[in-house]
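One structure below.
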Amino acid sequence: MEQLDTRIAYQNPWLSVREDTVRLPDGSTGIYGVIDKRDFALVVPWDNGGFHLVEQYRYPVRARCWEFPQGGWPPGATPGTGLELARAELAEETGFRASTWTLLGNLQAAPGVMSQYFDVYLATDLIPGETSREASEQDMRQTWVSAEDFEKMIRSGEVRDAHSIAAWGLFRLLR
């Protein structure tokens, strides 16, 4: 597929939506909508045979969601490394700092519509501390669940965040 033209259809401080005119393999033309958003980091905090999860209200799906700590650089910030972002997100959302970090993988968030990637890090040897959550995370809750209970939460649909489930899969491959 060849890009012939592009235009920004919508933009805010967190993302932009562009519309590309493309030439398809058969020579015909079409349009493709793409969401461009900064990459993010997701942290799998592993501790005593289980995981530390966070739960927050996710406005787009109008529901509270259990997931691994994750997030991106705020608008206006100069992006650093994925590991720097992972460290910041873990501390911000859970208060934990980790002595040991392992990169589990780099995944595509939603390649059919979005250009965003995310790094998945395993954080171990956790040291508790104070959270420093953003205003939108004021209602965030945190809990520890055993690995067995986390798998039950996935099976029951209590955990539906695709990024967290993919990260759990990478964790299982490592173990």
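The values are calculated or read from the model by the stated rules, or taken from the named source; none is laboratory data. It should be emphasised that the depicted structure is a prediction, and the values quoted were computed from it without experimental measurement. All Cβ positions, even for glycine, are placed from backbone atoms using ideal geometry, and neighbour counts span all protein chains on display. When the accessible area is computed, the model is the full protein with side chains, heavy atoms only, and any ligands, DNA or RNA have been set aside. Shrake-Rupley method; radii C 1.70, N 1.55, O 1.52, S 1.80 Å.
Report, in debye and to the nearest 20, how large the dipole of segment 35-95 comes out about its Cα centre when Lys and Arg carry +1 and Asp and Glu carry -1 on their Cβ.
Charge dipole, segment 35-95, about its Cα centre: 240 debye, nearest 20.
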Where segment 50-175 is the region considered: accessible area per residue in Å², 1.4 Å probe = 53 Å²
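If the viscosity is 1.567 mPa s and the temperature 4 °C, what Stokes-Einstein diffusion coefficient in µm²/s follows for the chain when Rh is the Kirkwood radius over Cα pairs?
74 µm²/s
Rank Thr143, Thr6 by accessible area, highest first, at a 1.4 Å probe radius?
Of Thr143, Thr6, the descending order of accessible area is Thr6, Thr143.
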task = Starting from the Cα-Cα distance between Arg18 and Glu55, subtract it from 0.36 nm times their residue separation and give me the gain in nm to one decimal.
result = 10.2 nm
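Suppose every Lys and Arg Cβ carries +1 and every Asp and Glu Cβ carries -1, with no other charges. What dipole size does the chain come out with about its Cα centre, to the nearest 20 debye?
Values: 17 positive and 25 negative charges, 45 e Å.
For the chain, the charge dipole is close to 220 debye.
With an 8 Å Cα cut-off and a minimum separation of 6 or more residues, compute the relative contact order for the chain in percent. If you can, show how the numbers build up before the last one.
Values: 351 pairs, mean separation 40.9, N = 175.
This gives 23 percent for the chain.
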request  = Quantify, in whole percent, the carbon and sulfur part of the accessible surface of segment 1-107 (1.4 Å probe; protein heavy atoms only).
outcome  = 54 percent
remark   = If one builds a Gaussian network model of the chain from Cα atoms under 10 Å apart, the most fluctuating residue listed among Thr29, Thr131, Thr81 is Thr29
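Let me know the charge dipole size of segment 1-57 about its Cα centre in debye, to the nearest 20, where only the beta-carbon of Lys, Arg (+1) and Asp, Glu (-1) is charged. Spell out each step's value before the answer.
Details: 5 positive and 9 negative charges, 29 e Å.
Dipole of segment 1-57, to the nearest 20 debye: 140 debye.
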query = Of Met153, Leu83, Thr131, whose Cα points farthest to the positive end of the dipole of segment 33-175 (charges on the beta-carbon: +1 Lys, Arg; -1 Asp, Glu; origin at the Cα centre)?
reply = Met153
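To the nearest 0.05, how large is the calculated FRET efficiency for Arg160 and Asp39 if R₀ is 22 Å and r is the Cβ-Cβ distance? Provide the component values of the computation, followed by the final result.
On the way: r = 22 Å, r/R0 = 1.00.
Efficiency computed from Cβ-Cβ geometry: 0.50.
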